[in-house]
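The values are calculated or read from the model by the stated rules, or taken from the named source; none is laboratory data. Please read these numbers as outputs of a predicted model, since none were measured by experiment. Virtual Cβ from ideal backbone geometry, glycine too; neighbours counted across all protein chains shown.
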Amino acid sequence: MIKMKRVAGWIGLIELVLCAISCKERTKVVAPAVSLEAFALDSLKVSGAPYHLCDQKLTSEEAISAIDVSDEDEYCFDREGTPVHETFFFPEKDIKNTDLVKKVQLRYNYANVLYRIVHGYELFARKASSDSIPTRKDSLDLILHDCPVISSSLLRRAITDNDARSAAENLLASYRVFDGKAHSNSAFDNAHNAYVEGYDALPKIVDSTLLDDFENHFWEWYDKRKYVPEYDQIAALYLDDDAGRKEITEDEIRHLKAVVESEKNIDRRTILSLELMRCSREAYVDAALYLGEILESGIYTKYLLEAWIAWRALVQLDFFAPSSYAVIPNSYYDKIRVKCLNTILRHIQTAPDKYDVCLIENFIYCEILHRMDAIYGNEALTDVSELSNGMFIQPSALGRDYLKEERTESKE
């Protein structure tokens with residue numbers, strides 16, 4: 001089985017994001033000593049009546065339920081209803097077509113062509129591993145069954161650079177005749193390698209100096225305690241695995257939901273929605289819907305990337321399945337990713353944060369939800385586990401700065 005290479009190297013926060021697909025042994029996380037005395041989730045204040053950020057259409061239960069259009073065919077377990085053109089980034093009408101916007105469009109759409117192929121390849125690999133595929137024709141038929149269909153007109157709109165578009169066309173054409181065998185110097189292997197190398201040659205949206213600054217000051221910038229002073233105490237409730245720790249009750253979870261629903265501050269609402277996910281397995285559906293509303297609203301928060309990663313994993317687990325044979329609607333997930341890119345670009349045009357471009361870079365680098373990259377099944381369960389045991393959790397609550405540890409390890 002061929003191993004699809006990553007679009008690009010690891011930079012800044014993406015180390016944090018992509019570590020979720022690793023199948024290696026996890027380091028046990030023990031929360032620092034934080035007093036839980038007299039602290040309970042129902043001590044958080046409900047701000048008022050439930051408040052809606054938007055008319056939730058793209059991320060509602062009804063919208064998610066309509067995605068799976070599978071039929072009885074055994075090879076149609078990943079037929080989703082999201083058209084491929086909705087996975088590409090095009091600036092929304094109020095976004096000025098600046099030089100930055102053009103670069104974002106080029107970089108993301110270039111990467112998106114490979115993401116669509118990787119998704120199709122993983123479907124082929126799953127099917128091919130289940131049955132005896134005796135002939136080259138059988139393999140070709142399976143590959144063509146899920147090969148992305150991207151029209152020439154769509155590709156011209158999505159990738160305006162001639163060289164980049166030519167590389168995408170060549171990659172798509174070579175994949176259509178790929179026989180599934182991982183051998184070097186095949187047309188697909190050569191096109192794939194050239195495509196990956198071509199990504200690094202695209203115009204950059206962030207320089208190394210800013211990325212270094214982003215890494216070094218990430219936790220200071222990301223500090224969730226600015227919006228939720230009780231953050232460390234909440235995190236200790238699920239990070240501390242001492243058998244004597246306080247049990248989170250159903251009433252407390254119900255109260256936390258009311259807190260989230262009434263919160264008008266987008267940063268605090270996002271953080272608490274993420275903490276709801278971490279506190280209770282039974283609250284996954286509610287957390288997914290709260291996070292989906294945040295993503296769909298188009299309201300900016302620096303926690304947008306974490307929210308999207310968590311939302312995607314929760315939707316997969318609770319509306320589809322953790323199985324590698326489940327529907328994995330990566331086109332739908334990427335449709336919402338594009339929505340997030342527009343949100344950040346709009347923020348740059350109105351009230352820019354110097355690290356906004358670093359968020360965009362990481363949104364682009366974050367790969368699709370992989371079908372067979374976890375201990376079992378798809379990647380969603382691993383992502384939720386990582387999010388609940390370390391990923392994006394403040395060092396003050398976690399008891400260690402794993403980003404600093406990873407930087408130290410990479411230098412050794």
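A few remarks follow.
- Tally of residues being at pLDDT below 95 and among the aliphatic types (A, V, I, L, M) across the stretch 360-379: 3
- Checked against the criterion of being small (Gly, Ala, Ser) and touching a residue at least 60 places away in the same chain (Cβ under 8 Å), the candidates 258, 283, 287 yield just one match: 258.
- Matching residues, the stretch 217-244, being assigned to a helix (DSSP H, G or I) and of a type outside the set (A, V, I, L, M): 218, 219, 220, 221, 222, 224, 225, 226, 231, 232, 233, 238
- Residues of the stretch 196-232 satisfying the condition of being of a type in the set (Asp, Glu) and under 29 Å from residue 276 (Cβ atoms): 215, 220, 223, 230, 232
Residue-by-condition table, conditions (1) modelled with pLDDT of 95 or more; (2) surrounded by fewer than 17 Cβ atoms within 10 Å (Cβ to Cβ):
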{"residue": "69", "(1), (2)": "no, yes"}
{"residue": "89", "(1), (2)": "yes, no"}
{"residue": "98", "(1), (2)": "yes, yes"}
{"residue": "109", "(1), (2)": "yes, no"}
{"residue": "132", "(1), (2)": "no, yes"}
{"residue": "139", "(1), (2)": "no, no"}
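- Any hit, the stretch 286-309, residues being modelled with pLDDT of 95 or more and over 23 Å from residue 366 (Cβ atoms): yes
- Lone qualifier among 325, 333 - being closer than 27 Å to residue 149 by Cα and in contact with a Lys or Arg (Cβ under 6 Å, 6 or more places away or on another chain): 333
- Listed by position, the helices (runs of 4 or more DSSP H) enclosed by the stretch 104-216 that each have at least 3 residues that are closer than 22 Å to residue 335 by Cα and in contact with a helix residue (DSSP H, G or I) (Cβ under 8 Å, 6 or more places away or on another chain) are 152-158, 162-176.
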